[in-house]
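Engineer: Next up is a structure, given as structure tokens.
The values are calculated or read from the model by the stated rules, or taken from the named source; none is laboratory data. Since the model is a prediction, treat every value here as computed from it, not as a measurement. Reconstructed Cβ throughout: ideal geometry from the backbone, glycine too, with neighbour counts over all protein chains shown.
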Amino acid sequence: MSKPTICFIGLGIMGKPMAANLLKSGYPLIVFNRTREKMASLVAQGARAADSIADCAGRADVTMTMLPDSPDVQEVIAGSTGVAGAAKAHSIVVDMSSISPLVSRKMADTLNKKSIDFLDAPVSGGEPGAIAGTLAIMAGGGEAAFERVKPILQVMGKSVIRVGDVGAGNYAKLANQIIVALTIAAVGEAFVLAQKAGLDPDVLYRAIKDGLAGSRVLDAKAPRVMNRVFEPGFKIRLHQKDLKNVLETAREIGVPLPLTAGVQQMLTALMADGKGELDHGAIVQFAEKISGVKIQKIDGISEKIS
């Protein structure tokens, strides 16, 4: 049985390696990106470059989108020259962006009227997970549509879970983003305290990482912070956008989230300070700035203690 043809729209930090993994797995792939230069490496590997969104979606059995925010998804899917007007009946659209669950539901309504199925399937795992094909994928949508695209999602993700109907994927992603942001902020405060008290943060990390405070977030971010590596990854401005979506959604359904609101303000302050393009591990720089302490290894201490 031949593999379905996939249209992949959005070839940024996450989208390009995700699309590359589909290509390596033998899926016929058509790609589109507003910045056309980003298509070149995939075309060199065998993908076909589309001339437009409609050209891409119109030739595919499955259309996948990986875009920055809700307005981008609305324009690409429901815009006058978007996916909805071009995709084939009974095809599937899988939006892997992190957006408002309410927008996901609106996109599903638009597509369903044209006999096109829709799944929201945001991801967690960052650029390393996208490259390795080990993302966590949280899907919302009908079970039959999910089963049709599950083999495709498994190429990109180590964990592929249907969490509910349309919108559920993005509700799950919002919950994920709360945990990640608050954990990074907590790491920042904890390590600033330790640094100010004279501890080497590398020693602190090794002391706590296998206890209850240990986490994948700590393992992923603490070494980068100590070595002052803040190239993205996942950018501060995008995590700020995610927490904005969290708080808007929380207001709509009547859930107070005071800790999330505080961290969202930290991210907003970092953006105002010109740090929006840094990796979200730079959330720790808020605690650094207000305390006047920089988290960094102390030469010689690690060797003496270990």
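Engineer: Keeping to region 90-117, report how many residues are touching a strand residue (DSSP E or B) at 6+ places or on another chain (Cβ under 9 Å), under 18 Å from L174 (Cβ atoms) and assigned to a loop (DSSP other than H, G, I, E, B).
Structural biologist: 4
Engineer: Please go through region 201-240 and give me each residue that is farther than 21 Å from V293 by Cα and among the polar types (S, T, N, Q), ordered by number.
Structural biologist: Once the filter is applied, which keeps residues that are farther than 21 Å from V293 by Cα and among the polar types (S, T, N, Q), region 201-240 yields S215, Q240.
Engineer: So if I check each of A197, A181, A144, A175, which one is under 19 Å from D219 (Cα atoms), modelled with pLDDT of 95 or more, out of contact with any Ser or Thr (no Cβ under 7 Å at 6 or more places or on another chain) and among the small types (G, A, S)? Reasoning before the result, please.
Structural biologist: Working: A197 fails: under 19 Å from D219 (Cα atoms); A144 fails: under 19 Å from D219 (Cα atoms); A175 fails: under 19 Å from D219 (Cα atoms).
From the options A197, A181, A144, A175, the qualifying one is A181.
Engineer: Is it fair to say A87 is outside any loop (DSSP other than H, G, I, E, B) and among the small types (G, A, S)? Give the derivation first.
Structural biologist: Details: outside any loop (DSSP other than H, G, I, E, B): no; among the small types (G, A, S): yes.
Taking the combined requirement at face value, the residue does not satisfy it.
Engineer: Next up: I need the full set of residues from region 124-149 which are within 18 Å of Y171 (Cα to Cα) and hydroxyl-bearing (S, T, Y), in order please.
Structural biologist: Within region 124-149, just S124 meets the criteria.
Engineer: Restricting attention to region 135-149, report how many residues are under 13 Å from the mean Cα position of the chain (by Cα) and surrounded by fewer than 24 Cβ atoms within 10 Å (Cβ to Cβ).
Structural biologist: 1
Engineer: Determine which member of the set E277, E288 is assigned to a helix (DSSP H, G or I), modelled with pLDDT of 95 or more and not aliphatic (A, V, I, L, M).
Structural biologist: Numbers: E277 fails: assigned to a helix (DSSP H, G or I).
Criteria check complete, one pass: E288.
Engineer: Looking at T260, T249, T268, which is the one that is under 26 Å from the mean Cα position of the chain (by Cα), among the hydroxyl-bearing types (S, T, Y) and at pLDDT below 95? Let's see the steps before the verdict.
Structural biologist: Details: T260 fails: at pLDDT below 95; T268 fails: at pLDDT below 95.
Criteria check complete, one pass: T249.
Engineer: Out of region 160-201, which residues are surrounded by fewer than 21 Cβ atoms within 10 Å (Cβ to Cβ), among the charged types (D, E, K, R) and in a helix (DSSP H, G or I)?
Structural biologist: Selection gives E189, K196.
Engineer: Could you identify the single residue in R216, R162 that is without any contact (Cβ under 8 Å) to a residue 24 or more places away in the chain and within 13 Å of D120 (Cβ to Cβ)? Give the steps one after another, and end with the answer.
Structural biologist: Details: R216 fails: within 13 Å of D120 (Cβ to Cβ).
Unique residue meeting the criteria: R162.
Engineer: Now for a separate question. It is to be established whether one or more residues within region 205-215 are in contact with a Lys or Arg (Cβ under 9 Å, 6 or more places away or on another chain) and either assigned to a helix (DSSP H, G or I) or at pLDDT 95 or above (or both).
Structural biologist: There is at least one residue in region 205-215 that is in contact with a Lys or Arg (Cβ under 9 Å, 6 or more places away or on another chain) and either assigned to a helix (DSSP H, G or I) or at pLDDT 95 or above (or both).
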